Amino acid sequence: MKQIETLIQKSDIDLKLYIKLLEKWQKAVNLVAASTLKDIWNRHILDSAQLFPLIQNKKSLIDLGSGAGFPGLVLAILNKNNQGPLEKIILIESDVKKCLFLKEVIRQLSLNVEIINERIEKIESIKADIITARALATVQKLLELSRHLANKDTTYLFLKGENVDEELKSVQFQLKIEKIKSITSSNSCILKITEVYDG
């Protein structure tokens, strides 16, 4: 927890501007559930930031279904302000209005991030060392959607809630999995998935 707090502290100015932009755009575009706005630091920023130490020495990251930028934009902000290892960050989002919001945050914070406004399954010719997702689909569906974006050494980091064990029962891939307790909710976890092979 202390490590993540230090990472966030170094990114404080950028993260506060990001939240300010989100609150402004939320009035016109449904970026996050309105009920979560009062606790945005815990529910969205801290929840996303806890993935950053798990990136380690990886160079490229793809965030699936980025929405309002969680976790992808938070990780990009931390990477910028903490001299992180990521050299390439790609956010995939099919909703045009959400992409406009993401572009505005990237412009105002001078982030080195690429946005792809497309459905995940239609994207070709890109690979990443890390693939992230939050509140998008089941584990099986996420792996199905993104297998073509992975290489043999890709690590998947999925933020998951209380139904994670049920989801894992339906996974048809062979994989190595580590379940890491979330720092923001006792019912949530991070799934760190490596060595994925077709079942």
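Can you divide the C-alpha Rg of segment 61-107 by 2.2 N^0.38 Å and report the result to two decimal places?
Here the answer is 1.09, to two decimals.
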Item to check | Ordering of 178-189, 12-23 by burial proxy (mean other Cβ atoms within 10 Å per residue, highest first) | outcome: 12-23, 178-189
Checklist entry - Where the centroid of each part is defined by its Cα atoms, how far is segment 1-22 from segment 70-84 in Å? => result 9 Å
Next on the checklist: Which order do you get for H44, H148 if you rank them by accessible area with a 1.4 Å probe, largest at the top?
Outcome noted: H148, H44
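Is segment 103-199 best put as rounded, prolate or oblate by its Cα gyration tensor, with a ≥ b ≥ c the root eigenvalues, rounded for a/c under 1.5, and otherwise prolate when a/b is larger than b/c, oblate when not?
Judged from the Cα gyration tensor, segment 103-199 comes out oblate (a/c at least 1.5, b/c at or above a/b).
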Checklist entry - Under the classification rounded if a/c is under 1.5, otherwise prolate if a/b is larger than b/c and oblate if not, where does segment 22-135 fall, given a ≥ b ≥ c as square roots of the Cα gyration tensor eigenvalues? => result oblate
Next on the checklist: Please report the antiparallel percentage of DSSP beta bridges with both residues in segment 99-191, rounded to the nearest 5.
Outcome noted: 50 percent
Checklist entry - GNM, the chain, Cα, under 10 Å: largest mean-square fluctuation among N82, N42, N57? => result N57
Checklist entry - What pairs in K10/K127; K141/K176; K16/K127 have C-alpha atoms more than 20 Å from each other? => result K10/K127; K16/K127
Next on the checklist: When only alpha-carbon atoms are used, what values of Rg and Dmax, in angstrom, describe segment 149-199?
Outcome noted: 11.5, 33
Checklist outcome for this item: Largest-first ranking of Y156, Y197 by accessible area, probe 1.4 Å, whole protein assembly kept, is Y197, Y156
Next on the checklist: Leaving ligands and nucleic acids out of the surface, order W41, W25 by accessible area at 1.4 Å, largest first.
Outcome noted: W41, W25
Checklist entry - In angstroms, what radius of gyration and Dmax does segment 1-56 have, counting Cα atoms only? => result 12.3, 37
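The values are calculated or read from the model by the stated rules, or taken from the named source; none is laboratory data. If you're wondering where the values come from, they're calculated on a predicted model, not measured in any experiment. We place every Cβ from the backbone using ideal geometry, glycine too, and count neighbours over all the protein chains shown. The protein model used for the area step is the full one, side chains on, heavy atoms only, and it has no ligands, DNA or RNA in it. Shrake-Rupley method; radii C 1.70, N 1.55, O 1.52, S 1.80 Å.
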